[in-house]
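Reading through the structure tokens given below for one structure.
The values are calculated or read from the model by the stated rules, or taken from the named source; none is laboratory data. Note that this is a predicted model, so its numbers are computed, not measured. We place every Cβ from the backbone using ideal geometry, glycine too, and count neighbours over all the protein chains shown.
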Amino acid sequence: MTEEKSSTLYCANHPTRETYLRCNRCEKPICTSCAVHTPTGYRCKDCVRAQQKIFDTAQPIDYVAAFFIPIILSFLGSLLVGMVGFFIFLIAPVVGWVIAEAVRKATGRRRSKPMFLVAAGASALGGIALAIPILFIALLGVAGPEILIDVVWPAIYTALVATTVYSRLSGIQIRR
Ligand SMILES: [Zn+2]
Ligand SMILES: [Zn+2]
């Protein structure tokens, strides 16, 4: 009630501190030690925290799901690589889509960029797992470098799946 009369503001968190700043989101008066300078102006810590939650909602358990679901599904998908040859160009994006949907469901649509990267990395690991022995054989010189031709399709599959998973998961963030 006295607020209208006096122009002096007091920090919402420190009632004894006079201030001239207000949070530009919730309009709460805030002192200089409570104000956070953001690209859009001064904000209170509560608003900054609330804003961050929108962009980074992943829980630790989500990272576990974002690792194991892609690595298993991507590995299963990679079993097809040897059978379908060229059609892997059609199948890999579908596998990536399935993985992205499964991760979204398992994580309750929570998100964070590191989590998307974990999912993409796990997809890559699962996809290339079968090819790793071939790489070792080539490195050890047991077989000639021509054996590396067997790595080409798994590598294409892996790249397609990992990029599909990442773009689908992070695409959700852009659309909202
Ligand atoms: Zn605020
Ligand atoms: Zn304060």
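Quick rundown of the values:
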read-out: Test set (1) more than 16 Å from ligand 2 (Cβ to nearest atom); (2) over 30 Å from A159 (Cβ atoms); (3) among the charged types (D, E, K, R) - D62 fails condition number; value: (2)
read-out: Subset of segment 4-34 [among the β-branched types (V, I, T) and either in contact with a Phe, Trp or Tyr (Cβ under 6 Å, 6 or more places away or on another chain) or within 11 Å of ligand 1 (Cβ to nearest atom) (or both)]; value: I30
read-out: Number of positions in segment 138-158 that are of a type in the set (V, I, T), surrounded by fewer than 17 Cβ atoms within 10 Å (Cβ to Cβ) and either under 30 Å from Y63 (Cβ atoms) or at pLDDT below 85 (or both); value: 4
read-out: Contacts under 6 angstrom Cβ, first residue in segment 5-27 being touching a residue at least 24 places away in the same chain (Cβ under 8 Å) and assigned to a loop (DSSP other than H, G, I, E, B), partner near ligand 2 (Cβ under 10 Å from one of its atoms) and of a type in the set (V, I, T), 6 or more apart; value: C23/I30
read-out: Number of the condition not met by H37 [criteria: (1) within 30 Å of G108 (Cβ to Cβ); (2) away from ligand 2 (no atom under 12 Å from the Cβ); (3) part of a strand (DSSP E or B)]; value: (1)
read-out: Top-ranked residue in segment 40-59 [being of a type in the set (V, I, T) and under 27 Å from T8 (Cβ atoms); ranked as farthest from ligand 2 (Cβ to nearest atom)]; value: T40
read-out: Given (1) modelled with pLDDT of 90 or more; (2) within 16 Å of ligand 1 (Cβ to nearest atom), index of the condition T38 fails; value: (1)
read-out: Residue that is nearest to ligand 1 (Cβ to nearest atom), among those in segment 42-63 that are within 25 Å of S112 (Cβ to Cβ) and not in a helix (DSSP H, G or I); value: C44
read-out: Verdict on H37 being more than 29 Å from D150 (Cα to Cα), out of contact with any Ser or Thr (no Cβ under 6 Å at 6 or more places or on another chain) and loosely packed, with under 14 Cβ neighbours inside 10 Å; value: yes
